[in-house]
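Single-structure report; data block below.
Just so you know, all these numbers are worked out from the coordinates, no wet-lab data involved. Here the structure is a predicted model, which is why all the values come from computation and not from measurement. All Cβ positions, even for glycine, are placed from backbone atoms using ideal geometry, and neighbour counts span all protein chains on display.
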Amino acid sequence: MVGLYLDSPAKAAVFSFDEKTQCQALDRTQPSLPMRRERAATMTHDYKRNGTTDLFAAMNLVTGDCRSSLTAVDVVSFFKLIDRQVPRGQQVHVILGNLSADKAPEVREWLADPRRARWHLHFTPTGSSWLNLIERWFKELTDRRLRRGRFNSVGQLIDAITTWVSHRNDDPTPFVWTKDAETILTKVQRARTTYSQVKAATDP
């Protein structure tokens, strides 16, 4: 996975794919007040829930361009969308999480077709969703558009997301992965060692 980030293969399209479940259309109970001199912007702590939707997204790791769908009810539908948009002469590498849908019989059957021999799936290890760069893109979407937004309906939420994606794709900026696998594994091992020491010290 890290190898795909640091040295993507030639003549291949590399995507980071996942779904952001339960995107909530939230509306505050009172209007927020804008930031002004000597006062931060305000936002009520309570809100009204106006429904949810699931977002499927795939980000091209080379260009930073992202394709999203809020109507897909099936991973195969989204994979077909990617398959149509990637030129026939290119391999397709997809980094994705461990959603059960990704391993469903329908997905396996679609990928088993000889015409999908160019497809290669790379699953993030359990508990390592941070390895999937689409998670960083989801954070950008949440921070810049959703967190302080007010949505009276799911339709309004969908419009807000698709508009934001469209504007970002007008001038996309790729995320640049900088840590090699050895550095990451060393840090993980150090964290595990520290955790074991703390646990041993606190266990009765």
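Among residues other than Gln197 with Cβ under 14 Å from its Cβ, the summed charge is +2 (Lys and Arg +1, Asp and Glu -1).
Cross-chain or 8 or more residues apart, Cα under 21 Å: how many lysine pairs in the stretch 2-178 fit that? Count them up, please. Could the numbers behind the result be given before it?
Numbers: Lys11/Lys80; Lys20/Lys48; Lys20/Lys80; Lys20/Lys103; Lys20/Lys139; Lys80/Lys103.
Lysine pairs satisfying the spacing and distance rule in the stretch 2-178 number 6.
Summary of the geometry: the stretch 85-118 and the stretch 134-204, compared by the centres of their Cα atoms, lie 24 Å apart. Long hydrophobic helices in the chain: the complete DSSP H runs spanning 30 Å or more by Cα along their own axis with mean Kyte-Doolittle hydropathy of at least -1.0 are 181-202.
Under the 0.36 nm per residue contour assumption, what length would be gained going from the current alpha-carbon distance of Phe175 and Gln24 to full extension?
Working: separation 151, 0.36 × 151 = 54.36 nm, distance 2.59 nm.
Going from the current span to full extension adds 51.8 nm.
Listed by chain and number, the lysines whose alpha-carbon sits under 23 Å from that of Lys199, ignoring those within fewer than 8 places in the same chain, are Lys187. Only DSSP H runs of four or more residues enter the estimate; each adds -39500 (n - 2.57), and after division by the residues of the chain the mean residue ellipticity at 222 nm equals -11000 deg cm²/dmol.
Starting from the Cα of Thr194, move 7 Å in the Cα-to-Cβ direction to define the label point; list residues of the stretch 103-144 whose amide nitrogen is under 20 Å from there. Flagged as within label range: 127-131.
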